[in-house]
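Visitor: The structure that follows is given in the form of structure tokens.
The values are calculated or read from the model by the stated rules, or taken from the named source; none is laboratory data. Owing to the predicted nature of the structure, the values given are computational and were not obtained by experimental measurement. Ideal geometry is used to build each Cβ from the backbone, glycine not excepted, and the neighbour counts take in all protein chains shown. For accessibility, only protein heavy atoms count, side chains too; no ligands or nucleic acids. Shrake-Rupley method; radii C 1.70, N 1.55, O 1.52, S 1.80 Å.
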Amino acid sequence: MFGDFALLAHYYTFSHKDILKLPHSHFKAYIRQAHIQELKKTEEGREYLKKAYRYANPRVDADLSAIRNLTGYTSKQKGGN
């Protein structure tokens, strides 16, 4: 946590008193952004961010062609009555 204070003081020129006055959600947001900026400085960090983004944002829409290839499903089949 004290490392986070130093990081915020470095990136945003906040004093320790200013940091203690921040709402928790703002503190967490500032810390997140500062860590992201630090990771962007190295190739390993940029690669980590790419992977983290992929894991945090999986595909929302299903790949219907892949599903059809696996199961033989077609949308032309009628169901119900």
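Visitor: Among residues belonging to segment 19-31 that are in contact with a helix residue (DSSP H, G or I) (Cβ under 8 Å, 6 or more places away or on another chain) and part of a helix (DSSP H, G or I), point out the one that is most open to solvent (accessible area, probe 1.4 Å).
Guide: Residues of segment 19-31 that are in contact with a helix residue (DSSP H, G or I) (Cβ under 8 Å, 6 or more places away or on another chain), as a first pass: 19, 22, 27, 30-31.
Among the residues that remain, those that are also part of a helix (DSSP H, G or I) are: 19, 27, 30-31.
Working: Ile19: 5, Phe27: 31, Tyr30: 77, Ile31: 17 Å².
If we take residues in segment 19-31 being in contact with a helix residue (DSSP H, G or I) (Cβ under 8 Å, 6 or more places away or on another chain) and part of a helix (DSSP H, G or I), then Tyr30 is most open to solvent (accessible area, probe 1.4 Å).
Visitor: Is there any pair linking a residue in segment 1-23 that is under 15 Å from Gln37 (Cβ atoms) to one that is small (Gly, Ala, Ser) and at pLDDT 90 or above, with Cβ under 6 Å and at least six apart or on different chains, and which?
Guide: That search, which allows pairs on different chains as well, returns Leu7/Ala34; Tyr11/Ala34.
Visitor: Of all the residues that make up segment 50-81, how many are closer than 30 Å to Gln37 by Cα and modelled with pLDDT under 75? Lay out the reasoning, then the answer.
Guide: Here is the first cut: in segment 50-81, the ones closer than 30 Å to Gln37 by Cα are 50-60.
Okay, now just the ones that are also modelled with pLDDT under 75, so 57-60.
Qualifying residue count for the region: 4.
Visitor: If you don't mind, there's one more thing I want to ask. Would you confirm, using the coordinates I've provided, whether Ala34 is among the small types (Gly, Ala, Ser), touching a helix residue (DSSP H, G or I) at 6+ places or on another chain (Cβ under 6 Å) and open to solvent by less than 70 Å² (accessible area, probe 1.4 Å)?
Guide: Values: among the small types (Gly, Ala, Ser): yes; touching a helix residue (DSSP H, G or I) at 6+ places or on another chain (Cβ under 6 Å): yes; open to solvent by less than 70 Å² (accessible area, probe 1.4 Å): yes.
Here the answer is yes, as Ala34 does meet what is asked.
Visitor: Consider Phe14 against the criteria (1) assigned to a loop (DSSP other than H, G, I, E, B); (2) open to solvent by 100 Å² or more (accessible area, probe 1.4 Å); (3) at pLDDT below 90: it satisfies all of them except one. Which criterion is unmet?
Guide: Condition not satisfied by Phe14: (2).
Visitor: Follow-up question, since we're still on this one. Which ones in segment 19-36 are under 13 Å from Asp4 (Cβ atoms) and among the aliphatic types (A, V, I, L, M)?
Guide: Ile19, Leu20, Leu22, Ala29, Ile31, Ala34
Visitor: Would you point out the residue of segment 37-57, among those that are of a type in the set (S, T, N, Q) and under 22 Å from Ala6 (Cβ atoms), that is farthest from the chain's Cα centre (by Cα)? I'd like the intermediate steps shown before the answer.
Guide: Kept after step one, since they are of a type in the set (S, T, N, Q), are these residues of segment 37-57: 37, 42, 57.
Now drop any that are not under 22 Å from Ala6 (Cβ atoms), which leaves 37, 42.
Working: Gln37: 13, Thr42: 18 Å.
Checked segment 37-57; the qualifying residue farthest from the chain's Cα centre (by Cα) is Thr42.
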